[in-house]
Amino acid sequence: QLFAERKRVRFETQWSPQPCWVTGDLERLEEVFVNLLGNAFKFTDSGGQVTLAVNVDDAQQQVRVAVQDTDIGISEAELPHIFERFYQAEGGQDTLTPGTGIGLALAAELVALHEGILDVTSVLGEGSTFTVTLALASAPEAIEGAPAVRRGAPRTAAVLFGGDGELEAVPQALTPQT
């Protein structure tokens with residue numbers, strides 16, 4: 001919120017009315033969303049908008065978390081490369097806050113480790129939407145089936161996308177997968 005105010009960018013959240021559970025590592029998932037939101041604010045000009053939307057698809061048993069912005073957009077030719085390590089889109093380099101081209105590649109890898117999908121749609125000059133899709137789980141299933149994100153690392157039992165706009169972990173860790 002502070003970054004939005006500083007850049008004079010409107011920040012809107014749209015949370016699913018019902019809380020939903022996914023399995024995974026809260027710290028790694030936060031890393032993904034901080035990266036996506038950071039890029040959205042970085043490339044959205046003053047007066048623009050960034051939206052974080054969480055939608056549950058009960059039929060597909062998925063949650064979709066979308067970060068949408070009114071930034072400079074990404075050309076159609078560059079979209080297939082946007083998740084490649086060290087790739088930076090033409091004209092996308094903000095000289096005040098330069099990047100390394102690692103963030104989106106890392107975000108895509110972390111989402112894949114959670115057995116999810118990170119995709120992007122964009123229109124040059126209009127903006128981009130990055131969507132993270134993860135499998136839903138009930139709280140007990142999430143606790144029993146959380147994937148190990150790093151070999152030997154403790155796992156977060158479950159991550160809750162709350163109806164009140166919160167992202168939190170169940171305070172119970174599972175033993176690492178061997």
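The values are calculated or read from the model by the stated rules, or taken from the named source; none is laboratory data. Fair warning: this is a prediction, and the values are worked out from it, not measured in the lab. Cβ coordinates were reconstructed from backbone atoms using ideal geometry, including for glycine residues, and neighbour counts include every protein chain displayed. Surface areas here come from the heavy atoms of the whole protein model, side chains and all, with no ligands, DNA or RNA. Shrake-Rupley method; radii C 1.70, N 1.55, O 1.52, S 1.80 Å.
Couple of notes before you dig in:
- Ligands, DNA and RNA left out, the accessible area of segment 1-60 computed with a 1.4 Å probe is 48% carbon and sulfur.
- Sequence-distant residues sharing a close amide H with residue 62 (under 5 Å, placed H): 57, 136
- Annotation: residue 27 carries an accessible surface of approximately 120 Å², with a 1.4 Å probe and no ligand, DNA or RNA atoms counted.
- For residue 15, residues with placed amide H under 5 Å, excluding near neighbours: 54
- Note on residue 33 and residue 45: their simple-model spin labels are 3.0 nm apart, each label 7 Å out from Cα toward Cβ.
- Farthest toward the positive end of the dipole of segment 1-71, out of 52, 40, 29, is the Cα of 40, where the dipole comes from beta carbon charges about the Cα centre.
- Residues with amide H under 5 Å from that of residue 88, placed H, sequence gap 5 or more: none
- Ordered from highest to lowest accessible area with the whole protein assembly present and a 1.4 Å probe, 26, 106 read as 106, 26.
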